[in-house]
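What follows is a single structure, written as structure tokens, with notes after it.
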Amino acid sequence: EPSSMATLAIQAHRPLRSTSKNVRPSKRTSTRVRSAKSPTTGLGSCHGGAFLSDAEKAYLEKVASMIGTPGKGITACDEGPGTIGDRFAAVGIENTEENRRSYRQILFESPGCEQYLSAAILDPETLYQKSTNSGDLFPKVLSDRGIVPGVKPHLKVYALPGQDGATVMQGLDSLAPRLAEYKAAGCEFAKWRSPLEIDVSAGQPSDLIIQANMRDLARYALICQAEGLVPIVEPDISLKGDHDLETAVRVNVKVQSELFKAMLDHGVFMEGSVLKSNIVNPGKACKTKYTVDEIAVANLAVFRRCFPTAIVTANFLSGGQSLEDASARLNAINKHKTAKDPWNLSFSWSAALQMPLFQLCKGKDGLQLEAMSELYLKELAIASAAARGEHVPGAGEGDHAIA
């Protein structure tokens, strides 16, 4: 609830959002009060956030818990102007800042959306845009609705030489001052995505690619927590490829176990972190059929083997899945959960929610905001039901069929 967010901020001696509605925060160094504890003494690793005060740990843990509210999920609207511009262009919408602002406004202010949303991931541009209804900046709009606002810092993809096109993400060097600005603008978390692809013939992802990406995610998480933000770590294994489900399980276990080991080694406070991962699937071109239940069991197998119970929630990305398939698979995963699976398992979707909205604009004059808002709420209701294991999918939805 909004009131609990404000109380929590007071307890941790941190504002939840900037008090200014008109001025972008200037560049500044972190103002976080450093703990007297030193993680550099003794072993110097696996210190579990020893640099954080008890109040700071409680704050991060509470924000992570709010993001993991059962039955609610994340609306991921963090596309940069270029990416959303491509989506606009496909349906004849001009890519202007006002169109981007008005479109994002319905994602935050559709009546009752807070029943289904625990958090929203914003592009940095959106942090400084205002609602035409209240005149407030969007982070305040979200916080007032009890939706935790966060951000995706801009990063660059770099193909690592000698790795058959496999990539790492660049952006750690300037991350701390940017996060300090985002914190001042009202953000409570930040997200870093590390994309990976399975190419069995090329031996990818290689050990080097996995280690480089997961260690970068761990360093990002540590920097986030030092700036008072909950890190959402996103290892994203693409649907591309012809690999089978069994191969996908092995690679996902390898990637996630490397990630969590790196986070522990770096001293990340795990209880104040959130996982955003792909749903474990066979490659799109896989010639073997799998039912939605087989896919669900595979996902739980991965988590049981390596996902720490200290992290309370995993919010799956859609990653090219349709709303129907993503919802059916999330629903099946939750239905198959047992006492072995204590985590909240929910959604953090962008394209699965947004692409059907854009189709409403095709052949029309401009953004069809009212119709888009109505459909968005229906989609969120489906996603929320899937997060509770109460969705009723159509026949065949969520199965992997041979293309």
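Some notes on this structure:
- Of all accessible heavy-atom area on the chain, the percent that carbon and sulfur account for (1.4 Å): 53 percent
- The calculated 222 nm mean residue ellipticity attributable to helices in the chain amounts to -13000 deg cm²/dmol, summing -39500 (n - 2.57) over DSSP H runs of n ≥ 4 and dividing by all residues.
- Evaluated with a Cβ-only charge set (Lys, Arg +1; Asp, Glu -1), the range 153-281 carries a dipole of roughly 300 debye about its Cα centre, given to the nearest 20.
- Relative contact order (%) - the range 132-257, alpha-carbon pairs under 8 angstrom, separation at least six: 25 percent
- Nearest-20 debye value, the chain charge dipole, Cβ charges on Lys, Arg, Asp, Glu: 1000 debye
- Each other residue within a Cβ distance under 10 Å of residue 352 adds +1 if Lys or Arg and -1 if Asp or Glu, for a net charge of -3.
- Peptide ranges 289-297, 210-218 listed from the most packed, as the mean C-beta count within 10 angstrom indicates: 210-218, 289-297
- Potential lengthening of the chain between residue 294 and residue 174 amounts to 38.9 nm, from the contour at 0.36 nm per residue minus the alpha-carbon distance.
- Among 274, 75, 382 the positive-end extreme of the charge dipole of the chain (Cβ point charges): 274
- Mean shadow area of the range 249-305, taken as a quarter of the surface of its Cα convex hull (nm²): 4.6 nm²
- Taking the C-alpha atoms of the chain, convex hull volume expressed per residue in Å³: 143 Å³
- Additional length obtainable on full extension of the chain from residue 134 to residue 362, 0.36 nm per residue less Cα span: 79.1 nm
- Candidate cross-link partners of residue 62 among the lysines, defined by an alpha-carbon separation under 25 Å and a same-chain spacing of 8 or more, comprise 37, 72, 140, 152, 183, 191, 261, 276, 337, 340.
- Scoring 234-244, 273-283 by mean Cβ neighbours within 10 Å over their residues and listing the highest first yields 273-283, 234-244.
- Relative contact order %, the chain, counting alpha carbon pairs below 8 Å whose residues are six or more apart: 19 percent
- Length gained when the stretch residue 374-residue 95 is fully extended (0.36 nm per residue, less Cα-Cα span): 98.2 nm
- A dipole drawn for the range 216-255 from +1 and -1 charges on Cβ atoms has a positive end, and of 235, 252, 224 the residue lying farthest that way is 224.
- Descending by average beta-carbon neighbour count within 10 Å, the peptides 87-99, 181-193 line up as 181-193, 87-99, the highest first.
- Per residue, the accessible area of the range 347-403 comes to 47 Å² when a 1.4 Å probe rolls over the protein heavy atoms.
- The residues neighbouring residue 198, those whose beta-carbon lies less than 13 Å from its own, together hold a net charge of -3 under the Lys/Arg +1, Asp/Glu -1 convention.
- Within the chain, percent of DSSP bridges classed antiparallel, to nearest 5: 20 percent
- The charge dipole of the range 59-210, taken about its Cα centre with unit charges on the Cβ of Lys, Arg, Asp and Glu (plus for the first two, minus for the last two), comes to roughly 400 debye.
- Using distinct alpha-carbon pairs, which all enter the 1/r mean, Kirkwood radius of the range 83-165 in Å: 14.5 Å
- Computed over the range 191-298: relative contact order in percent, which uses C-alpha pairs under 8 Å that are six or more apart: 34 percent
The values are calculated or read from the model by the stated rules, or taken from the named source; none is laboratory data. Bear in mind that the values here come from a model prediction, so they are computed numbers and not experimental data. Here the Cβ is made from the backbone with ideal geometry for all residues, glycine too, and neighbour counts use every protein chain on show. Only protein heavy atoms, including side chains, enter the accessible area calculation; ligands, DNA and RNA are left aside. Shrake-Rupley method; radii C 1.70, N 1.55, O 1.52, S 1.80 Å.
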